[in-house]
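Since the structure comes first, as C-alpha cells, the remarks are kept for the end.
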Amino acid sequence: MTYDVAAVRAAFPSLRSGTAHFDGPGGSQVPLPVADAVHATLVSPIANRGSVTAAERTADAVVLAARQAVADLVGGVPGGVVFGRSATALTYDLARTLSAGWGPGDEVVVTRLDHDANVRPWVQAAERAGATVRWVGFDPATGELTAADVAAQVGPATRLVAVTGASNLIGTRPPLAAIAEVVHAAGALLHVDGVHLTAHAPVDLTELGCDTFVCSPYKFLGPHCGVLVADPAFLGTLHPDKLLPSTDAVPERFEVGTLPYELLAGTTAAVDFLAGIAGPEGPRRTRLLAAMAALEEHEDALRVRLEEGLAELPGVTVWSRAAHRTPTLLLTFADRDAGDAYRALAERGVNAPAGSFYALEASRWLGLGDAGGLRVGLAPYTDADDVDRLLAGLRDFTGVERH
Ligand SMILES: Cc1ncc(COP(=O)(O)O)c(C=O)c1O
C-alpha cells in the first residue's frame, strides 16, 4: 500500500496552524475522530460500568472496545489489557506488585538506554526489597544495545529485566526477541517499555516474547492515558493492592478507581484511525499491521531525507546511529547550545524541543550530561515540506547560506 500523508494530515485540525511538529516523541497531535470520540462519550448518557441501565452498558462497551482495540494494535488479548493514568504509573504499580516477592539475593536488571519510567520504578522497588540492581550499558558510539549486553548481566538470581522497545532519545530498537530468549533461559521476567516503539512500528507481543508491556495512547495519536498488556493468565498470578469492594477479576484487579471512559473511547478511535490508513476492509489487526508497516516506510524515507540534509551542515552531531531504530534523531551543535536551536526553530514555526526527555541515563551515558540535545521526531503526519523547513531553519542556525 502507498502512504497518503496528505490524507493523514487533513484529519489533524492542529496542523492548520502551520506549525511543523517534530515534538511527537513527547506526545503526538490528535486527529479529529479521536477528539470526536472523547466528546461523544462525555456528552452521551453514561454511568459506571454495569448491565442494568443503558448508561451503564455504554460504559461497559467503551471499556471492552478499548481493550480489544489495544489488543489488536499490539497483538495481545483483550483480557490482558490494563488501562491506567500513564505508562509511568502502571510501571510503578507493576514494580510494587512484583517486588513483593523479591528479597536479598535477587537481582533486577535495568538499562542505560531507557526512559526513567522504565528505570526508577524498578530500582526503587529493588532497593526497598533488598534486591540488587544490575545495569546494562549500550555502545555510545553506535547506540546499539545487544542481547549479549543483556546476557552479561543476567544470571540465576535475575528476577526481572526491564528494557525499552525503542529509545525515546536516540531511537535505538534493541533486539527484543533475542533478549527475551536470554531472559527466559534464566527463568526471569521481561518487561518492555513500548511507549516509543508502538508509535512507529507494527508490534506483535507474541513475536517479542515479553511478559509485560506498556504503551501510551497519547504517543500514537490518542488521548493521555497508559496501557499495560500481558497474558491474562500471568496477570491472574499477581495480587496488586486493591480496595476491598472492587472486583478481583483480571484485568480489572489492576485498574484502581474508575476508568476514564472518554479517554478509552479516544484510544479506540486512535487505533481505528491508524488501521484506517490501510483502508476500511478486513480485520483490524491485519489493517494495523499493513498501516504500521507503511508508516514505518514513510517515516524511514523522511528520516533519510533529513539525515542527508543534516550531513551537509557543519558542526552538527547526530547521536541516533543504531542500525534498527525509530525516526527520532538527537542532535548537538559544535559551538551552540541545543536550547538555542530549539528557540530559533520555534520562531519559525518548527517545533523540535531540546533536553534529555527523562532518558537521563542515556543522555549521561552518551556524555551529554543532563542537557541531552535537540530531539527531532517524525510522526505519521510529518511530510517532506516539514523536513525541508526544519533543514532550512537549521541551515540558518548553523550559519550556512541558503541557495
Ligand atoms: C520511552 C518512554 N517510556 C515511558 C514514557 C512515559 O510515558 P507516560 O507519560 O505514559 O508515563 C515516555 C514518555 O515520554 C517514553 O517516551
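A short reminder: the numbers here are calculations on the coordinates, not readings from a lab. Owing to the predicted nature of the structure, the values given are computational and were not obtained by experimental measurement. Glycine gets a Cβ as well: all are built from the backbone with ideal geometry, and neighbour counts include every protein chain shown.
The Kirkwood radius of region 343-386, taken over pairs of alpha-carbon atoms, gives through the Stokes-Einstein law at 10 °C and 1.306 mPa s a diffusion coefficient of 135 µm² s⁻¹.
Summary of packing: across the peptides 7-20, 290-303, the per-residue average of other C-beta atoms within 10 Å ranks them, highest first, as 290-303, 7-20.
Give the shape of region 144-295 as rounded, prolate or oblate, defined through the alpha-carbon gyration tensor: a ≥ b ≥ c are the square roots of its eigenvalues, a/c under 1.5 means rounded, and otherwise the shape is prolate if a/b is larger than b/c and oblate if not. Note, shape of region 144-295 comes out oblate. Each Cα pair under 8 Å and six or more residues apart adds its separation to the average, and for region 35-274 the resulting relative contact order is 26 percent. Using only the C-alpha atoms, the convex hull of the chain corresponds to 136 Å³ per residue. Length, then width, then depth: along the principal axes, the Cα atoms of region 10-82 run 48, 31, 19 Å.
Structural size metrics of region 300-392, computed from C-alpha coordinates, are Rg and Dmax of 12.7, 34 Å. Each pair of Cα atoms in region 248-349 enters the Kirkwood radius, and Stokes-Einstein at 4 °C and 1.567 mPa s then converts it into a translational diffusion coefficient of 73 µm²/s. Could you work out the Kirkwood radius for region 35-274, taking every pair of different alpha carbons, averaging 1/r and inverting it, reported in Å? About 18.3 Å for region 35-274. The mean sequence separation of alpha-carbon pairs under 8 Å and at least six residues apart, normalised by the residue count of the chain, gives a relative contact order of 23 percent. Note on region 49-150: semi-axes of the ellipsoid equivalent to its C-alpha gyration tensor, largest first and rounded to whole Å, are 36, 19, 11. Taking the DSSP beta bridges in the chain as the whole, what percent of them are antiparallel, to the nearest 5? That works out to approximately 50 percent antiparallel.
Each stretch of four or more DSSP H residues adds -39500 (n - 2.57); spread over every residue of the chain, this sum gives -12000 deg cm²/dmol at 222 nm.
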